[in-house]
Each structure stands twice: as structure tokens, then as C-alpha cells.
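In what follows, a single structure is set out as C-alpha cells and then discussed.
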Amino acid sequence: MQPLIKAFFDEATNTVSYVVREAEGRACAVIDSVLDYDPAAGRTTTQSADDIIAWIKSEGLRAEWILETHVHADHLSAAPYLQEQLGGKIGIGANITMVQDTFGKVFNEGTAFQRDGSQFDALFEEGSSFMIGQLRGDVLFTPGHTPACMTYVIGDAAFVGDTLFMPDFGTARCDFPGGSSEMLFASIQKILALPDETRIFVGHDYKAPGRDEYAWETTVGEQRALNVHIGEGRPIEEFVAMRDARDATLGMPRLILPSLQVNMRAGNMPEPDEDGNVFLKVPVNKL
């Protein structure tokens, strides 16, 4: 089946969120939503999520899933807000527990923070499947950028999160805790083994040099032939050397500290204090 796909681009974080719907029927899923966050003020707003909600309601759709491809380090997830407004189950890969264990220690969360993925409604394993109405979604385990990265293959479309970018921009960084360029190479091979005509929808776009417009849709065939980091059968040794050297030059994402604390909780904020105030932590010299 060919799902119908509506993209929502958040230029502040260069994130693409997607609504995936049946061609016939009213079921849909939201993939990689954004909660707007002003780090200078410590203030959240919901305009990006509200745009998605308004469109789903205008189309008369029924949200069955709110999916995360991984624990994002560059934007906050709006999954709980979307669930409150639209319903649906929040899903992520089962290796979320590894991310929770790692960053539970980084943020000194203590024993009150559950590291079993129970903040999510569904934890997907390799080979898991789910339904969006009559649309079947299949799960590929694609770690490397993070240990919990998943690719959702829904009909003829694959939602790869940060694993791959547009062919002219390349591939994801692998230097976060639990990341691995060797794992990323293997994960990309799984995606490239899909049929050439499979549509690839990426999680971010940053306009590669020489390109004037944002873009987020490509194909497996185009990635295999043209991806500047992995295309034309580049061997693993060359890829790993390139990726590791490139990652060593990169700074941390602007929103990594708030994003990880919120997203490892399925988009929920930390528990408030006795006066109802919510605080995010800034660990020093930890990342």
C-alpha cells in the first residue's frame, strides 16, 4: 500500500515531522513531533504541534500512533501533548532502556526515574509490526546514531529518523553515548536493501551546499547511488574513518540538554517540586 504523507518542517530545529495516513480510511500516525522550546527563557510553546493537530482535525483523521524514531538530541518531543489532544499510543524502539540508563546517570536522576521504557505505550523490537488502520508498519532496528534508533517502513515509505539525510548531505553523527559508526554502516545497509523505489523520508534537512530549498524525500535507489557518505558501495573502512573524523569536529546540538531529559521520558517533563515548579538540569563537563 502507498500511504499518504504530510510533512511539517520546523525551521528552528530543522526537524521534519510527518503525518502518515491511509489512502482510503481515516487512520493516521504522527512521526517525530516537535515541542517548541526557547532555551533562553526556558519556555515551551505548542505552535508546531498545534499545526499538526489542526491539519489532522481538518482532514477528519484518527490518530492511532505517535511514533519516535529515537530519543532526539536536537528538539523536544510533543508526544504527550499530541496524545492528550488526539489520542493514540506513543511508540519507540525497545533500546530506549539503554538510553535511559546512560542519561539517567548523566542527569543524576536517581531511583525515581524508571529506566524500563514504561513511559511509552509500546516498545518495538526488530521485526515488530503495527497497524495504522489497514496500513501495516514494520520496524527495522537501525542503531548507530543512537542505540535506540528505529526505521519505520509503512507501505512503500521508510521513515529513517537521523540515520540518513538527503543524499547530498550524507549520514548521521555517531559520537553520542552509545553511538557507533560501525553500527550505523550496518544499519544503513539494511535500509539500502529495501526496494529501490522505496520512498525515504528523513528526520532533518540543513540544505546541503549549493541547494537553495529544504528537502526531505528521496528513494532507496537515490541513496544507494548518490549519498555523499555511503553511496556507490563505499566500504565500511572508508565510511568509519570519514564519519569518526567528521564527528570529532562537531559541537553538541544547541538543545541536547533539555531534549534528552524530556525525550527519554516520552516527551514528559521531569516531576515538579512540591510547589509545582519544573526544573531541567545542566550537568557540567558531562557531554
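Below is a table of values for the structure above.
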item	result
Selected residue [closer than 22 Å to V278 by Cα and buried (at least 22 other Cβ atoms within 10 Å of the Cβ)] from A49, A63, A40	A49
Lone unmet requirement of (1) crowded, with 18+ Cβ neighbours inside 10 Å; (2) not aromatic (F, W, Y); (3) not in a helix (DSSP H, G or I) for Q114	(1)
G127 being in contact with an Asp or Glu (Cβ under 8 Å, 6 or more places away or on another chain) and surrounded by fewer than 19 Cβ atoms within 10 Å (Cβ to Cβ)	yes
Criterion: under 29 Å from F107 (Cα atoms) and surrounded by fewer than 19 Cβ atoms within 10 Å (Cβ to Cβ) - qualifying residue of P177, P195	P177
Leading residue by the ranking (surrounded by the most Cβ atoms within 10 Å (Cβ to Cβ)) among those in the stretch 95-111 that are of a type in the set (V, I, T) and assigned to a helix (DSSP H, G or I)	I96
Subset of the stretch 253-269 [free of Cβ contacts under 8 Å to residues at least 60 places away in the same chain and part of a loop (DSSP other than H, G, I, E, B)]	M269
Number of the condition not met by E232 [criteria: (1) at pLDDT 95 or above; (2) closer than 26 Å to L192 by Cα]	(1)
Scan of the stretch 102-120 for residues that are within 22 Å of N285 (Cα to Cα) and within 19 Å of the chain's Cα centre (by Cα), ordered by number	T102, F103
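The values are calculated or read from the model by the stated rules, or taken from the named source; none is laboratory data. Everything quoted here is computed from the prediction, not taken from an experiment. Quick reminder, even Gly has a Cβ in these numbers, built from the backbone with ideal geometry, and neighbours come from all protein chains shown.
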